[in-house]
Amino acid sequence: MGMCGGIVTALTPTVVPSNHQQSDWQHFIILLGYNLGRITSYSLAGALVGGLGASVFSLAELNYSRQIMLLIAACFMLALGLYLAGVWHGITYLERYGKYLWRYIEPLSRSFIPATTLAKAVPLGFFWGWLPCAMVYTILIWAVSVGSAQQGALLMLAFGLGTLPNLLAMGYLATRLAVFTRHPVVRKMVGLLLVSIALWMLYNAVTVNDVSSV
């Protein structure tokens with residue numbers, strides 16, 4: 001909610017335009033399709049980077065390579081937490097690189113706007129999944145360390161499903177929740193939570209010998 005709340009609020013009119021009459025159930029189904037498309041793109045990206053990581057690990061000492069990637073992922077998670085807490089904004093540079101890919105993908109999504117049907121919502125969500133996002137990039141870097149395309153896809157699937165309840169709520173109650181997620185106290189709490197996760201990841205990467213169990 002802290003990372004993507006503003007984006008969801010801005011994109012909600014492309015899913016449920018104000019001049020289109022829908023029941024609450026139709027609204028929910030379209031938002032669900034939109035998010036399922038997004039999660040599908042996350043899983044595909046996870047499979048790609050997981051497979052890439054597996055190729056790299058086959059050329060190096062497996063455990064050592066995974067440990068390095070876990071350390072890198074933990075550092076990105078730490079940077080993300082500091083960003084949300086308002087302490088340091090360095091991770092936003094990562095999103096700038098993603099914009100180069102996004103400018104080629106974004107035009108493909110326009111034919112599905114407004115997404116007034118499920119058939120339009122799913123592909124629109126799939127394209128939205130490639131929108132530059134530091135949080136997604138952080139988990140993708142983590143997915144490189146899992147050592148296979150299948151595990152990379154599963155990690156990103158789990159991440160996408162974990163974001164589903166909040167982003168469904170954001171899409172359904174966009175105006176009310178947008179104010180809540182922009183509150184400085186909320187953002188600091190989310191940031192500190194991510195910093196705690198990052199420190200846990202750093203601890204495991206440094207101290208656990210069998211890093212495949214992390």
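Read-outs throughout are calculated quantities, based only on the coordinates presented, and are distinct from any laboratory measurement. Everything numeric in this text was worked out from a predicted model, so none of it was measured. Using ideal geometry, Cβ is built from the backbone for each residue, glycine included, and neighbour counts are taken over all protein chains shown.
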Completion exercise
Contour minus Cα-Cα span, K188 to T117, at 0.36 nm per residue, comes to 21.9 nm
Problem - Kirkwood Rh in Å, taken over all unlike Cα pairs in region 22-205 - result: 17.5
Exercise for the section: Rounded, prolate or oblate: pick one for region 34-93, where a ≥ b ≥ c are the square roots of the eigenvalues of its C-alpha gyration tensor, a/c under 1.5 means rounded, and failing that, prolate if a/b is larger than b/c, else oblate. Expected result: oblate
Completion exercise
Taking R0 as 25 Å and r as the Cβ-Cβ distance between A169 and W200, the FRET efficiency 1/(1 + (r/R0)^6), rounded to the nearest 0.05, comes to 0.40
